[in-house]
Amino acid sequence: MLACASTPPERGSLPDVGEALDPPSQCTFLVGEPQGVLVQEVTPDSAADGLLIVGDVIVAFDDQPTLDSESLLAALGEREVGDVVEISVLRGDEETEQTLTLGDASGEPRIGVMIRTQYQTVEAAHIDTEVEPGLLTRPISISGLIYLFDAGSNVWERTEVEVAEEINWVATTAGLYGIQEEVISDLVSGEEIPHDGIEGWEPIRVIGSAGVEVILVVTQEVPDEPERVAVGVSRFNPLTSQTVWAQPVVDGFGIPISALGSPDGEAIVVVGVDEGGSEITGIDVWDGDGNARGMQDLIALGTPVGWMDDESLLFRTDVEVASLLTLPGGDTEEITLEPAIGGLPLFPVGDGRGVLALDSQSLVLDDVNLVGDLQVLAENCDFGRVGEPGWSP
């Protein structure tokens, strides 16, 4: 049964592809290889109290290099309360040695510091690196300019593509695309892309991607009811101008508002909302051939935010709680999020571990398998949105 809406989904206009904007003057990126473990806070009456200070960079633990938070936490995991250890720290331009006795009131072999991995800081205006093509690459708009970020290698690239913040756009592994008045355009070249209008379906909005293809909201006239339209979802290849499939949404699903393609492109989770856009009315997983699996109970898990890998889909369940759904079996696992990213929009990297969190000024990476390992990737930037993974020019 076709789902009908009294009015089609709102259309957005396309940006001009022109001269790139200057990035915010204070916008900085953390780049390159990790350089040690930065001490952000020292716990009173802990092993580190009086020996380490905020700003110290831990570079070795008993002569073993600690270039990132994970290596330091792994080294601590092999110790016991009461062990005496030597810690090498950079304090300003000098390296010093400190002797600590591990342990605190928790009974764990802890140092007693809050930490994060230290990286080189580079102003956005001075970025001159190039991102290698790969599935961990994401386009991110900053002051309307598209930057590329590779979460696997921690490399940034500035492009010359400008997209206004209010514009609806999506990325595929092959390009950036948007729609204006049922015309699909390549936002990099500015060229229009013809749509085949298969079975009378016409594109209204881009809502996601899967591989090189975009996922569209499409509409179709309802016979004998000119004031109403049928709403569907379509998988369209902008490289060939061919529709892969187009399917109506079931009655009661709502208007499709987002589509999240798995890294291998074999599954797409589609989210539907009511006409006001205030309530999620449908969530389902569609396979590569355009068949909905009828998983209507997914709304109970929360709001889907992206794929951790080819088979694991992350839902935002609460402010500090996420749920991981594994397909095709349907097993779920609850994940407790770090308080620092509670309530922020989340974007899984796709490597099965990392989750990006974004506020209006900062981009943070959290490894969901580790406690307390947050990495600030960019600061003081005017962020717009984070695009789908995989695109690099």
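The values are calculated or read from the model by the stated rules, or taken from the named source; none is laboratory data. Predicted model, so just to flag it, every value in this text is computed and none were measured. FYI the Cβ positions are ideal-geometry reconstructions off the backbone, even for glycines, and counts take in every protein chain you see. Only protein heavy atoms, including side chains, enter the accessible area calculation; ligands, DNA and RNA are left aside. Shrake-Rupley method; radii C 1.70, N 1.55, O 1.52, S 1.80 Å.
At what distance in angstrom do the alpha carbon centres of segment 133-179 and segment 59-99 lie from each other? Centre-to-centre (Cα) distance: 37 Å. Over the chain, accessible surface divided per residue gives 46 Å², non-protein components excluded, 1.4 Å probe. Please name whichever of G232, V37, V131 sits farthest to the positive end of the charge dipole of the chain, dipole taken about the Cα centre and charges placed at Cβ: Lys and Arg +1, Asp and Glu -1. Ranked along the dipole, the leading option is G232. Go ahead and run the numbers for FRET between E95 and D45, Cβ-Cβ distance against an R0 of 25 Å, rounding to 0.05. With a Förster radius of 25 Å, E is 0.40. Modelled spin labels at E221 and E108, positioned 7 Å past Cα toward Cβ, are 6.5 nm from each other. Converting phi to 3J(HN,Hα) with the Karplus coefficients 6.51, -1.76 and 1.60 and the offset θ = phi - 60°, segment 345-360 yields x, 10, 9, x, 5, x, 9, x, 10, x, 9, 7, 10, 10, 10, 5 Hz in sequence order, with x at every glycine or proline. Shape class for segment 191-295: oblate, because the ratio a/c of the largest to smallest gyration tensor axis (alpha-carbon atoms, square roots of eigenvalues) is 1.5 or more and b/c is at least a/b. The charge dipole of the chain, taken about the Cα centre with unit charges on the Cβ atoms of Lys, Arg (+1) and Asp, Glu (-1), comes to about 460 debye, rounded to the nearest 20. So what's the net charge close to G342: Lys and Arg +1, Asp and Glu -1, counting the other residues with Cβ under 13 Å from its Cβ? With Lys, Arg at +1 and Asp, Glu at -1, the net is -4. Look at the dipole of segment 255-377 built from charges on Cβ: of V376, T281, G294, the Cα furthest out on the positive end belongs to V376.
Note on segment 138-209: dipole from Cβ charges, positive end direction compared against V161, G190, I204; the farthest Cα belongs to V161. In percent, rounded to a whole number, the relative contact order of the chain is 17, using alpha-carbon pairs under 8 Å and six or more apart. Split the chain at each of the GluC sites (Glu not before Pro) in a DSSP loop with at most 16 other beta carbon atoms within 10 Å, and the longest piece is 192-265.
Heavy atoms only, probe 1.4 Å: what % of the accessible area of segment 219-359 goes to carbon and sulfur, would you let me know?
Summing carbon and sulfur atoms, their accessible area is 47 percent of the total for segment 219-359.
The overall shape of segment 31-83, judged from the alpha-carbon gyration tensor, is oblate: a/c is not under 1.5, and a/b is no greater than b/c.
Translational diffusion of segment 123-224 was estimated from the Stokes-Einstein equation, with Rh taken as the Kirkwood radius over Cα pairs; at 10 °C and 1.306 mPa s the coefficient is 105 µm²/s. I want the local charge near A292. Using Cβ-Cβ distances under 15 Å, sum +1 for each Lys or Arg and -1 for each Asp or Glu among the other residues. Surrounding charge for A292 is -4.
If we count every other residue with Cβ under 13 angstrom of P238's Cβ, Lys/Arg +1 and Asp/Glu -1, where does the sum land?
Numbers: positive: R235; negative: D186, E191, E192, D196, E213.
Taking every Cβ under 13 Å from that of P238, the sum is -4.
Per-residue accessible area (protein heavy atoms, 1.4 Å probe) orders D366, D128, D186 as D128, D186, D366, starting from the largest. Assuming a ≥ b ≥ c are the square roots of the Cα gyration tensor eigenvalues, decide whether segment 58-97 counts as rounded (a/c under 1.5), prolate (otherwise, with a/b larger than b/c) or oblate. Here segment 58-97 falls in the oblate category.
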